[in-house]
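Colleague: Supplied in structure tokens, the structure appears directly below.
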């Protein structure tokens, strides 16, 4: 064996061992939490320590990949040319990096939230969060649709106990909707699409350029694409979006996990992977089928934005905002150009930090003031200045205002649409940005520029309203662990703009 080949094999083996650490540590964390939960702060220690380990080794995987190292391993063959297999590729590394880093931040936040609200079943909470991250890592590094489907379904089952965490009737009802819609879409559509793909291609491998035969008609491609996109229900495309608002009965750290780290990102990540590695970008550019997905995503954006405007509960408004923002990613990917795919990946990153900041802020407000309704937000800046500054940065990013990363990610999507002269996408982006501003800016205005409810001015006059018996009590910021987490993600909203220059890597990778 040539020395160069020997060192290459050894290096790839080290990369595979690093991957094993990334995917096994969350399971080990859940086991330790279950065994040592009686020790004070054991749950928190194992969660934070394990997430740090995963962050470190995932970052190592990124460096290995950039240096040219990789692996593609099949653990067991289930069908001819189909098995439980894993590999590393750039889209999966972006997803795993988001999940690992935000798991760490969410673990810090959970300490303040769970203890601040005296939540029950904290051991179960931390254990299932860790197991959910295990499923996310399995999704991120899947090298074929079979492996993706197994971990995708596992993620649904592992997050169900988190949705129904408090055990109330509302939680159980929300959990049923959550489980019902996601299982229905994956079994009736996604599994069907996987079987059709296997019958057409004889393989389910994620392969750059796609795996489908060229002799398929445009109608067959259109139908298969729609079945895939409806099957990936976690992407929350209309009409299979209802599980997402229903899951808001869960504690805020779970909402943050669902909306920014795990579930919804698994959905849009799956759609990007299917477009890039199953159909192929150049393959879809030759047919009109992809425009059907563009229209569907555009409708979902406007519909969800309208529902967000009508929502009076803060978490519900954020939930519908997530439905809308996810379809930005789907719509960008549906343009099927290297620039648009790169823009979709960047918005995946942008939305993760913006939306988790918003949910952290909502949980901070609930923990300190027990306020959940939007009408209760007026003047809240005077009581929780740090929380509301961070909330504003998250909202600005969702709207696409400077100096946040949301401006950059929306600009990339606009550039992708201009590149193919798709004026439908441009009109959707303009209209949805106006709608985003209409349901976020009033909250910010009320919080910063209106006096708190029941605030007694220096003149001694009280405001005349139904909450006159409430008095302004000064600073009421959330516990320190919540503030550390929310300030970290808010800083990320500003810092990630620096990664915009790395778009060129994805453009080169996808052939742009």
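Colleague: Within the stretch 70-93, does at least one residue satisfy the condition of being modelled with pLDDT under 90, under 24 Å from residue 487 (Cα atoms) and loosely packed, with under 15 Cβ neighbours inside 10 Å?
Modeller: The answer is no, given that none of the residues of the stretch 70-93 is modelled with pLDDT under 90, under 24 Å from residue 487 (Cα atoms) and loosely packed, with under 15 Cβ neighbours inside 10 Å.
Colleague: Okay, moving on. Just for the stretch 441-483: of the residues that are out of contact with any strand residue (DSSP E or B) (no Cβ under 8 Å at 6 or more places or on another chain), loosely packed, with under 15 Cβ neighbours inside 10 Å and not in a loop (DSSP other than H, G, I, E, B), which one is modelled with the lowest pLDDT?
Modeller: Per the criteria, the residue is 449.
Colleague: Do we find that residue 389 is closer than 25 Å to residue 326 by Cβ, at pLDDT 90 or above, part of a helix (DSSP H, G or I) and out of contact with any strand residue (DSSP E or B) (no Cβ under 7 Å at 6 or more places or on another chain) in this structure?
Modeller: In short, no.
Colleague: For residues that are under 19 Å from residue 252 (Cα atoms) and touching a helix residue (DSSP H, G or I) at 6+ places or on another chain (Cβ under 7 Å), scanning just the stretch 171-192, find the one that is surrounded by the most Cβ atoms within 10 Å (Cβ to Cβ).
Modeller: 178
Colleague: Can you name the residue in the stretch 207-250 that is under 18 Å from the mean Cα position of the chain (by Cα) and not in a helix (DSSP H, G or I) and is also farthest from residue 301 (Cα to Cα) among such residues?
Modeller: That would be 250.
Colleague: If you go through the stretch 113-144, how many residues are part of a loop (DSSP other than H, G, I, E, B), over 17 Å from the mean Cα position of the chain (by Cα) and surrounded by 18 or more Cβ atoms within 10 Å (Cβ to Cβ)?
Modeller: Here the count works out to 1.
Colleague: Given the criterion over 20 Å from residue 139 (Cβ atoms) and buried (at least 17 other Cβ atoms within 10 Å of the Cβ), identify the matching residue among 47, 51, 97. Show your work before the answer.
Modeller: Values: 51 fails: over 20 Å from residue 139 (Cβ atoms); 97 fails: over 20 Å from residue 139 (Cβ atoms).
That would be 47, the only listed residue that is over 20 Å from residue 139 (Cβ atoms) and buried (at least 17 other Cβ atoms within 10 Å of the Cβ).
Colleague: All but one of (1) surrounded by 15 or more Cβ atoms within 10 Å (Cβ to Cβ); (2) under 26 Å from residue 236 (Cβ atoms) hold for residue 168; state the number of the condition that does not hold.
Modeller: Result: residue 168 fails condition (1) only.
Colleague: Six or more apart or on different chains, Cβ under 9 Å: which pairs go from a residue in the stretch 276-287 that's surrounded by 21 or more Cβ atoms within 10 Å (Cβ to Cβ) to one that's outside any loop (DSSP other than H, G, I, E, B) and at pLDDT below 85? Could you list them?
Modeller: Pairs found: 279/290; 284/290.
Colleague: Another question, if that's okay. Suppose we keep only residues that are out of contact with any helix residue (DSSP H, G or I) (no Cβ under 6 Å at 6 or more places or on another chain) and part of a helix (DSSP H, G or I) within the stretch 356-385. Which one would you say is farthest from residue 116 (Cα to Cα)?
Modeller: The qualifying residue farthest from residue 116 (Cα to Cα) is 375.
The values are calculated or read from the model by the stated rules, or taken from the named source; none is laboratory data. If you're wondering where the values come from, they're calculated on a predicted model, not measured in any experiment. Quick reminder, even Gly has a Cβ in these numbers, built from the backbone with ideal geometry, and neighbours come from all protein chains shown.
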